[in-house]
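Remarks on the structure that follows.
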Amino acid sequence: MRFALNDEQLAFSRSLDDFLGTAEVPGAARAWGEGDAASGRKIWQRLADLGVHALCVPEDAGGLGASPIDLVVAFEQIGRHLVPGPYIESVVVAPALLQATDPESLAELAAGSRVVTLAAPPGTPFALDADVADRVLLVDGDELNLAEAGSLRRSVDSTRRLFEVTAKDRLAALPTGAVAAALDAAALACSAQLLGAGERLLEEAVEYAKNRRQFGRAIGEFQALKHALADVRVALDFARPLLHGAAVSVGSADAARDVSAAKVAASDAAYLAARTALQVHGAIGYTLEHDLGLWITKVRALVAAWGTTATHRARVLAAITAA
Amino acid sequence: MRFALNDEQLAFSRSLDDFLGTAEVPGAARAWGEGDAASGRKIWQRLADLGVHALCVPEDAGGLGASPIDLVVAFEQIGRHLVPGPYIESVVVAPALLQATDPESLAELAAGSRVVTLAAPPGTPFALDADVADRVLLVDGDELNLAEAGSLRRSVDSTRRLFEVTAKDRLAALPTGAVAAALDAAALACSAQLLGAGERLLEEAVEYAKNRRQFGRAIGEFQALKHALADVRVALDFARPLLHGAAVSVGSADAARDVSAAKVAASDAAYLAARTALQVHGAIGYTLEHDLGLWITKVRALVAAWGTTATHRARVLAAITAA
Amino acid sequence: MNIDFTAQELAFRDEARAWLHDHVPAKPLPPLDSAEGFAARREWEATLAEARWSVVSWPAEYRGRDASMIEWVLFEEEYYRSGAPVRVAQNGISLLAPIIFGHGTREQRDRYLPSMADGTEIWAQAWSEPEAGSDLASIRSTATRDDARGGWVLNGQKTWSSRAPFADRGFGLFRSDPDAERHRGLTYFLFPLNADGITIRPIPQLDGHPGFAEIFFDDVFVPDADVLGAPGDGWRVAMSTAGNERGLSLRSPGRFCAAADRLVALWRERGADQPHLRDRVVDSWIAAQAYRLYTWGTVTRLSGGGDIGAHGSVNKLFWSQLDVALHETALDLLGPESELRGPDAAADGAWLDGYLFSLSGPIYAGTNEIQRNIVAERLLGLPKEGRAR
Amino acid sequence: MNIDFTAQELAFRDEARAWLHDHVPAKPLPPLDSAEGFAARREWEATLAEARWSVVSWPAEYRGRDASMIEWVLFEEEYYRSGAPVRVAQNGISLLAPIIFGHGTREQRDRYLPSMADGTEIWAQAWSEPEAGSDLASIRSTATRDDARGGWVLNGQKTWSSRAPFADRGFGLFRSDPDAERHRGLTYFLFPLNADGITIRPIPQLDGHPGFAEIFFDDVFVPDADVLGAPGDGWRVAMSTAGNERGLSLRSPGRFCAAADRLVALWRERGADQPHLRDRVVDSWIAAQAYRLYTWGTVTRLSGGGDIGAHGSVNKLFWSQLDVALHETALDLLGPESELRGPDAAADGAWLDGYLFSLSGPIYAGTNEIQRNIVAERLLGLPKEGRAR
């Protein structure tokens, strides 16, 4: 039993954090939302160079065949830094789905040179960033289709560009369980993204509370704000082990249950962080000029993405009452 | 439109408050819980003298035929002062149910010289204080039965003595709607009792917070406690108009909906008051020596009495989605 | 105790209902804080004014109907139930007009109220400053006496001015006596937003629209005629209760009742397979109902000469929390579609827009932290301890 | 990262499971804080001790098994899963024993640990005082030097002493230097509860049982041999982390996992027509699972030489809130029967008893308000502002 990240994982996390901390990601995310993908694509490539895109690609297909823990580490940083783009789609889901039908594409996915996006109704009804994707997929039950992107739909998160899709060509009928496993991995990555966003929101709120003065003192001295921020710390601290636990249980009989539990807890914790960060910042947090709003709206979008918390709670209930 | 108590109602409320404030009710309630009903019976008689028991008895049967508002006023004071005994049963439900079958008993009920209790499963499965009652009833659908009290069951509220009952003689089949109306009136009175208990709990907590010193100052200076108590004030302030609104709507098509809304809000507000008062008092509130615990356990019992909040929420939903 | 209305009140309500039924635009207008939305709402204000529905509680001489407070609440219920557009003139009508009626000169009333009533002049509030968010009394923007020109020269910066990007005129407090402490030495000014020396910088909100702006004052001259109340008396003028009763404190229950009814309708459509959301739907409806009844209690008290006082804080805490919870529940009912905005989304995106707007409730007009302090200290009598934000 | 166990750990767990399966009393014992319940649990402690399961993490020479922290958590999981009785010796074993191991003399270890291990001597803590609830450092009870007799004379009053009504010995802090400020000048004493000058006044709790007591000290003599650590060093001794790791901070996850499993079973019985409670049942299970996994993270850190520090406050906030929420959900599932107590009630009244016990969680061992201050100041680095209760 050793329930902690190892040194390589910590180093991987730090390398992503270091790079993203200097990459001016919020600016790239804003541009991305307006259809200018140039800076976002640069970040995409740099993250591929750092190994993110190769995590889920098997070693014999040119990838790293990394553990789900590494995936969680990477997506926490993606969430923390607000990186825009179809990462869950290209890094997590596509390698799993294309392994059988299009094995050659895996090396390109691993290298970051191919961008894939997809819709998988009902949980994921739209394809993210289909306009920058080389390939758009539509998962319909166990069927994998090549799809065509339709019109753009606006998300509360302006950096999420959602597209309607319609099936074009049927690519394959996937083996039983393959889609479920891929979507579980997506939900796990999304949970990690939420946790990263929640951590960042807490950090921003704490910094603001230390520096902002009202009524003659730092607002962080007021017990009401202190306690609200402490509650966020608690929520995040107890979401994290569920995330790591779910990563450990990938491949086991409990995987679906544990991923769902992680999604619920990460969503609730990140949402609490968002609401609290907004309240601590006051009006400034309510403006789009301040980057805080980018994280707040992203959390709102992600709690309903890759399965709503309602869907995931239902899955947990089914698992624990079946036993 | 005049949505406020009138002068007579305020005077009635004050008269009950004045009497009960000097009647050493918590001591009587403790004794009552241990089976010594003497002091409780004295309070019973004094409240009858003040007109409480005659409220729901029609004028031509020797009562006051008062409005549901007066009922709410009286039961708020009963809750506020922790008066033990089957008041809802004798004052509210019995006059309604016995009107047809036993009209002579109404004058005795109004005078406080007759004590009636009852069970009405499923919402009210046990008969309160059957050992001190002159008569025990069992309502089974629209059927009214004379019943026999069985064994004593312990309640979390030590001043509530619950008895199992079995039907003995069938008294009458009540007209359609009579039972429902009587049980709605009971739920309304119970809501008022909860609101009164909640107000008292808040008052006690505020007093304690003003006087108790820790870390060199009154604990009521600490913002966390201030804000928790403010939230209780808000919850109670918005439960009260629902209670008064339900009293106004008795007899209308919306009565069931409005009574249920009042029960939900009064339960939630009183429960919040109880939890907060306990937290403000700390360990002293957790002892049975301090009277606070009597209110706390009573609130816990009453939120599930005369229909749980789940039952009442379901009734509200049915009403608002039927329209 | 009753919630019965007089024949006159019922007739008033029915007339309002009928008129709204016939005149409310069938299609939702563009967003309030867009240029088109703002312009469309100006027109709507004119339409309202023409039929004397824009300022029902004002005296007839200023295009009102001398409506009682009860009638005003009834009108508001009808207004929201009808799905009519959000009022672009609201800040002026609810925050400024009561002050003009209470403290303004006859000349000021005649000059400003008619154009406020028909939407030809839209007013923006200018309270907050960058260093004085919730701490209003720490205002730093200055007013310097200019005897030669018979007026004052304003300098400084205001922020979070709702409606300012498209509005015509502004009102706010400035420090006219630099030596006075905090609440003293402030003066209440009215000024055109296109005055020389004024720069407006719109600030986009979470919903992408510029709901508020910064206003920069660089030697802006305001004549004595546009001082509201006495110089130096601005804090008292601004805080006079008249300004709160029909404004933010007595926020129209119609708004929440209408939203709760829409939530119940949404539940009817989508609730069948989401029974876990039942309690939250019911609780939103109950809360809206509680707010409606609570308001009747407040109206009874105020009509009897009472003062809303610190109960306004109780009120604000409740509606702001109700509003967030209600919209969160709606979004949860919408499931995976809840992130969608705009006309393609459910209810034309009204749930998400309403949600984003609701998030500002616990922040503006005094944060909920400040409101809880007020409730604890003024209503519960708990000891002070340095005021919190 | 893994949650795999060594063959030795698994064997240890299996042995515990098998033994518990064979020995846990079939019928629940009488309530812990009743005379019969206390006596029955003393016997149970002896039964545990005989099979060397009472203090698994202690060294073999003191009747332990030298169990690692991992093994201890595994044992606790099995213990709670088996439905075994609440440990009457818990306060001594988890709060005092680590201090005796860390700061006690060889003689103190030999004198006190064996009788603690087999339940012949049950210990009660004596921390709080009437005027010092959460503010432990403001202790007023005194210890006066008595050189003649070679010891100290205790005077004063302690309160909220859990188990004190039926226990044999007590431990607590006394002010040995009246001139020292707050945390200084305190000394850690051990004393028999039947000593001359000690009066015990049991205090009934909400559940009717005397879970704690007041202890009055009237010239109670304690020899130097019963001072734990150095005189005047009591605060440091009491606060040493050793006392927290396996005690209140690292509260056994088995307890919450077992309760969550029982809640899920209750839902299976009664949840079908109460779908609105679904989320709360699920969230309780998720929270218990989170607590279990969080604990493995803590064990990993502590096993690697780390310190629990302020994370103990995070931990306490979480489990105390989880415990209340879980029991509230169970009561709501029980509906109209939820008020029933005792053997006639569902699960022999365990849900209501557990609920009442859970209400003390946010209060004792440092109120949750204090824990939030600690988290905010020590983990988040927010500025201090006079400590709150």
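The table below gives the values:
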| item | result |
| --- | --- |
| Candidates A:R2, A:R30, A:R80, A:R14 - the one that is basic (K, R) and within 14 Å of chain D (Cβ to nearest Cβ) | A:R2 |
| Region D:346-389, subset of a type in the set (A, V, I, L, M, F, W, C) and within 14 Å of chain A (Cβ to nearest Cβ), residue farthest from A:G220 (Cα to Cα) | D:I370 |
| Residues of region D:10-45 satisfying the condition of being surrounded by fewer than 16 Cβ atoms within 10 Å (Cβ to Cβ), of a type in the set (G, A, S) and closer than 24 Å to D:A167 by Cα | D:A35, D:A39 |
| Subset of region A:204-216 [part of a helix (DSSP H, G or I), at the interface with another protein chain (Cβ under 7 Å from one of its Cβ atoms) and either over 25 Å from the mean Cα position of the chain (by Cα) or not hydrophobic (A, V, I, L, M, F, W, C) (or both)] | A:A209, A:K210 |
| Complete set of residues in region A:145-182 that are aliphatic (A, V, I, L, M) and within 13 Å of another protein chain (Cβ to nearest Cβ) | A:L152, A:V156, A:L162 |
| Members of region C:330-345 that are within 12 Å of chain A (Cβ to nearest Cβ) and assigned to a helix (DSSP H, G or I) | C:L331, C:D332, C:L333, C:L334, C:G335, C:P336, C:E337, C:S338, C:E339 |
| Qualifying positions in region C:50-97 - under 23 Å from C:G211 (Cα atoms), part of a helix (DSSP H, G or I) and not charged (D, E, K, R) | C:Y79, C:Y80, C:Q90, C:N91, C:G92, C:I93, C:S94, C:L95, C:L96, C:A97 |
| Matching residues, region C:305-329, being under 16 Å from the mean Cα position of the chain (by Cα) and among the small types (G, A, S) | C:G312, C:S313, C:S320 |
| Number of the exception - B:A31 against (1) assigned to a helix (DSSP H, G or I); (2) crowded, with 22+ Cβ neighbours inside 10 Å | (2) |
| Positions within region B:268-295 being within 7 Å of chain D (Cβ to nearest Cβ) and hydrophobic (A, V, I, L, M, F, W, C), in sequence order | B:L278, B:A283, B:L288 |
| Positions within region D:93-112 being within 17 Å of the chain's Cα centre (by Cα) and without any contact (Cβ under 8 Å) to a residue 60 or more places away in the chain, in sequence order | D:I93, D:A97 |
| Check on D:P231, of a type outside the set (F, W, Y), within 24 Å of D:A126 (Cβ to Cβ) and over 22 Å from the mean Cα position of the chain (by Cα) | yes |
| Identity of the residue in region A:312-323, more than 8 Å from every other protein chain (Cβ to nearest Cβ) and not small (G, A, S), that ends up surrounded by the most Cβ atoms within 10 Å (Cβ to Cβ) | A:H312 |
| Selection from region D:177-200 of residues that are of a type outside the set (D, E) and either at pLDDT below 95 or surrounded by fewer than 16 Cβ atoms within 10 Å (Cβ to Cβ) (or both) | D:P178, D:A180, D:R182, D:H183, D:R184, D:G185, D:L186, D:P192, D:N194, D:A195, D:G197, D:T199 |
| Test for A:G307: is it on the phi > 0 side of the Ramachandran plot, crowded, with 22+ Cβ neighbours inside 10 Å and of a type in the set (G, A, S) | yes |
| Residue in region D:7-29 that is under 21 Å from the mean Cα position of the chain (by Cα), assigned to a helix (DSSP H, G or I), closer than 28 Å to D:A126 by Cβ and away from chain A (no Cβ under 14 Å) present | no |
| Residue list for region B:274-314, filter: over 16 Å from the mean Cα position of the chain (by Cα), at pLDDT 95 or above and of a type in the set (A, V, I, L, M, F, W, C) | B:A277, B:L278, B:V280, B:L292, B:A310, B:A314 |
| Given (1) under 17 Å from D:A46 (Cβ atoms); (2) under 16 Å from the mean Cα position of the chain (by Cα), number of the condition D:Y80 does not satisfy | (1) |
| Qualifying residues in region C:49-66 (those that are free of Cβ contacts under 8 Å to residues at least 60 places away in the same chain and under 18 Å from the mean Cα position of the chain (by Cα)) - the one farthest from C:K27 (Cα to Cα) | C:W58 |
| Any helices (runs of 4 or more DSSP H) falling wholly within region D:210-329 and containing at least 2 residues that are among the basic types (K, R) | D:253-270, D:278-303 |
| Listing of helices (runs of 4 or more DSSP H) fully contained in region B:41-153 that carry 2 or more residues being charged (D, E, K, R) and in contact with a Leu (Cβ under 7 Å, 6 or more places away or on another chain) | B:68-80 |
| Qualifying position, being surrounded by 23 or more Cβ atoms within 10 Å (Cβ to Cβ), at pLDDT below 90 and among the small types (G, A, S), among C:G211, C:G172 | C:G211 |
| Residue check, C:E131 farther than 25 Å from C:R292 by Cβ, in contact with a strand residue (DSSP E or B) (Cβ under 9 Å, 6 or more places away or on another chain) and without any contact (Cβ under 8 Å) to a residue 24 or more places away in the chain | yes |
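Let's see how each residue does on (1) more than 20 Å from C:S54 (Cα to Cα); (2) in contact with a Ser or Thr (Cβ under 6 Å, 6 or more places away or on another chain):
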position: C:A97; (1), (2): no, no
position: C:G119; (1), (2): no, no
position: C:W127; (1), (2): yes, no
position: C:P130; (1), (2): yes, yes
position: C:T144; (1), (2): yes, no
position: C:D147; (1), (2): yes, no
position: C:L154; (1), (2): yes, no
position: C:W160; (1), (2): yes, yes
position: C:F166; (1), (2): no, no
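Table: residues versus (1) more than 18 Å from the chain's Cα centre (by Cα); (2) facing chain C (nearest Cβ under 8 Å).
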{"residue": "B:A218", "(1), (2)": "yes, yes"}
{"residue": "B:F222", "(1), (2)": "yes, yes"}
{"residue": "B:H227", "(1), (2)": "yes, yes"}
{"residue": "B:A230", "(1), (2)": "yes, yes"}
{"residue": "B:A239", "(1), (2)": "no, yes"}
{"residue": "B:L242", "(1), (2)": "no, yes"}
{"residue": "B:S249", "(1), (2)": "yes, no"}
{"residue": "B:S252", "(1), (2)": "yes, no"}
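The values are calculated or read from the model by the stated rules, or taken from the named source; none is laboratory data. What you are looking at is a predicted structure, and each value in this text was computed from that prediction instead of being measured. No Cβ is skipped: glycine too gets one built from the backbone with ideal geometry, and neighbour counts run over all protein chains shown.
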